[in-house]
Structures are given as structure tokens and as C-alpha cells.
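Computed from the coordinates by the stated procedures, all read-outs in this text should not be read as laboratory data. A quick note: this is a predicted structure, and the numbers were derived from the prediction, not measured. Positions of Cβ are backbone-derived with ideal geometry, glycine not excepted, and every protein chain shown enters the neighbour counts.
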Amino acid sequence: MVKRLQHTELLSVYLQSLSTNNYIIMKKRYTYLFSAVLSLACATPSEACTGITLKTADGNTVVARTIEWNGNDLNSRLIVVPRKHKQNAITPSGKKEGMTIEAKYGYVGMAVEMEEFVVEGINEAGLSAGLFYFPKYGKYEQYDPRHKSMSVGDLQLVPWILGNFKTIDEMKTAIAKIHIVTIDSRASTAHWRIIDSSGRQVVLEITDGKPAFHENTLGVLTNAPGFEWHMTNLNNYINLFPGTVKSKYLGETELNSTGAGSGLLGLPGDFTPPSRFIRAAYFQTTAPRQATAEKTITQCFHILNNFDVPIGTESAHNVTPPDIPSATQWTAATDISGRKIYYRTMYNSDIRCIDLNKIDFVKTKYHSAPLDKHKEQHFFTVDIR
């Protein structure tokens, strides 16, 4: 469950510094800002994300991921950002006085809690980026107000990446010149998955105040511990293989598999990040390549069905779970070459698609809308005649 820390005192100090004329307007704005940040920041074990990567038969890349949160409805939004759109990064003061993020490339993304906090998306150049929670293992540099014009909070790093870069190499060069900080020191840290149109994929982690990149040829990402730890941990499951174990004898006693798929007996099935990483790696790599991107997208959603976290499974017996349908709040899949992003939500399993090819990012206006216009599942009655 999410545990909200008492932030009234912190908020009051800031609000009292405002002039009387601005106080009422700003109080409402920054109360929501602090509440949104802290609802994301001050959480215990329910921050879960699982990312996979599939290839089509002709080698095109499709990436997909879930986002889990069992504390409250994240009020996720669909964001469309045109070229030249500007936003200012939020600093630990709660003010939008950090780096000015101007979009060189238009992009489409999904945001949580606030429209500024885009955590997954793709830009018109075919570069995709996503934020994954990384609690207790990351460590950012300390925020220095003297560098505020070059500082960006972790929850706004995805917009900075999507708005500015076409390739991973461009992004790596530029990221060394900025300061990535937390908006609130009590917040969970994050790590990021970035993919460009060539299919290259890297993981960005910050564990000692400086960005470190890891090539991700496997294409799987979950949460803590670090990416390299997860890759090493794969060796503990070298015995697993797809298919069914052949019959064998134990002395004079014949042993037979009790069912198909016994080659994966021992595959971890819990919701911890190490177990999800192993499960995702095997489900992804054993999946047959599909002929088209749309079939591959469908396959991604089927695979990620295995990572849906039922509400209540992460709550203590004496704690009432929140009134939401699932801890897996939404699942998204992105066709990198086709410049399309697909999603479904905990409220509505219908898969929706946004085609970037149909958006004129020069003429279009900034767009922000809930992922679900109506928070309910559509049911279709089959008419039997």
C-alpha cells in the first residue's frame, strides 16, 4: 500500500512565502503537486513494471510494458506534444523553475498523476523511452539551485528524452551535460529503458550520482536490483527450457511429466522484480516470431497477461485494498518502425492505438486527456438468432 507522508508543514512553508494575491491560486495548485509527487514517491513495495521486447519476422522491434501501482488510481493520461512545445521542469521547491524542455520532436506518451510526468512514449523519429521504478538502489546527485536551469526531475526525464533526440548516441552525449535530480528526497528512484529506430536498446541507471548505460540486447526490464544483477541472476535458471521433459527411470521406476511445459518447471511465479524478470525473459524468448507488427503487438499483450497483479495480493491481511480493478493499471505496446503506440487499462481491456503517422506535429495542439473517457469495461452482447 502507498503510505502518504505528512507534507503539510513543508507545503505551508512554501505557501507562506507567496504574496497574498497569489496565495489562494497557488495553494490549490501546489497542494495537488505535492500530493501527486508524494503519492508516487512515498510508497512501499507496490511499484512494479515489467518490460519486454519482441521482433517481427522481418526484424522490426516492438516493445511493451506494464505499470503497476496498488495504492490508488494513478489518473493516467494520454499526452500528445507538438514540436516547439515548452515546459519547465519542476524542482524540489515545487516550482516550475528547472530546465526549459522544448520539444524538437513531437511525441505521444502516457503520464501518471500529473500530465508533466510522462512515463512511457515514442516520438516521431522512432525513439521510445520509459520510466521503471527502481526503489532503494538508485542514487541521484544532490539538487543544487545554482544549476536549476540545467536540472530535470526524474519524473520528467522521459519528456526531455522524447522531445530532443532521434538516437541513443545523441541522448547519451547530451545527458552528461544535465543534472537529473529527485523532486522529493523521500521518493523512490527510477531507471529507464530507451530504444531507437535501429532497434538498439539501453538501460539508464543512476546509482552514484552519475548516469550509467547498459546495453540491453535481451530486451527485458523490471525493477530492483540493478540491471546487471538481473542478467547475472539468469544463470541460476540455466536448467529451464521450453517443451516437455522426456520420460526417464529412477532405478526401475519410470518417471513421466504430469503435463506439457515441464521443461519450465521451477520458473518463478511471484510478483517480485527478480521473478518477473526471469519469467519475462523466458516467455519473450520462447515466443515465435510473428509475420506482422500487429500480430506481434497482440502477442505482447498475451505475454504480459502473465504479469497482471490482482488487487489485494500485495496488501497485508489487515489492510483494505484500494477500490481499483487491478494493481496493473495499464499495459502499453509500441511498434517502433510503424510509429504506433497501443494501450489497454485496468478499467477497459479494449486495445486502443495512436498512429503518430496521422499526427502533424507542426500543426497539432498540445493534448492531454484521460486514458479512459469512461472508467468501465465494455461488454458486447452476442445476439443469437
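Overview of values
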read-out: Whole-Hz couplings from phi, Karplus 6.51/-1.76/1.60, listed for the stretch 83-92; x for Gly and Pro; value: 4, 6, 5, 10, 9, 9, 5, 7, 9, x
read-out: Approximate shape of the stretch 79-138 as ellipsoid semi-axes (Cα gyration tensor, √5λ), whole Å, largest first; value: 20, 17, 10
read-out: Greater than 20 Å apart at Cα, pairs in 246/295; 86/166; 177/210; value: 246/295
read-out: Inverse of mean 1/r across different Cα pairs in the chain, Kirkwood, Å; value: 22.1
read-out: Relative contact order [Cα under 8 Å, 6+ residues apart], the chain, whole percent; value: 21
read-out: Cα-based shape type of the stretch 313-385, given that a ≥ b ≥ c are square roots of the gyration tensor eigenvalues and the cut on a/c is 1.5; value: oblate
read-out: Centroid-to-centroid separation of the stretch 189-213 and the stretch 151-165 [C-alpha atoms, Å]; value: 12
read-out: Ranking of 353, 300 by count of other Cβ atoms within 10 Å, fewest first; value: 353, 300
read-out: Cα-Cα pairs of the stretch 253-356 separated by more than 15 Å (percent); value: 72
read-out: Taking only Cα atoms of the stretch 154-218, radius of gyration then Dmax in Å; value: 11.9, 37
read-out: GNM result for the chain, Cα springs below 10 Å: residue of 240, 221, 371 fluctuating most strongly; value: 240
read-out: Share, in percent, of DSSP beta bridges within the chain that are antiparallel, nearest 5; value: 95
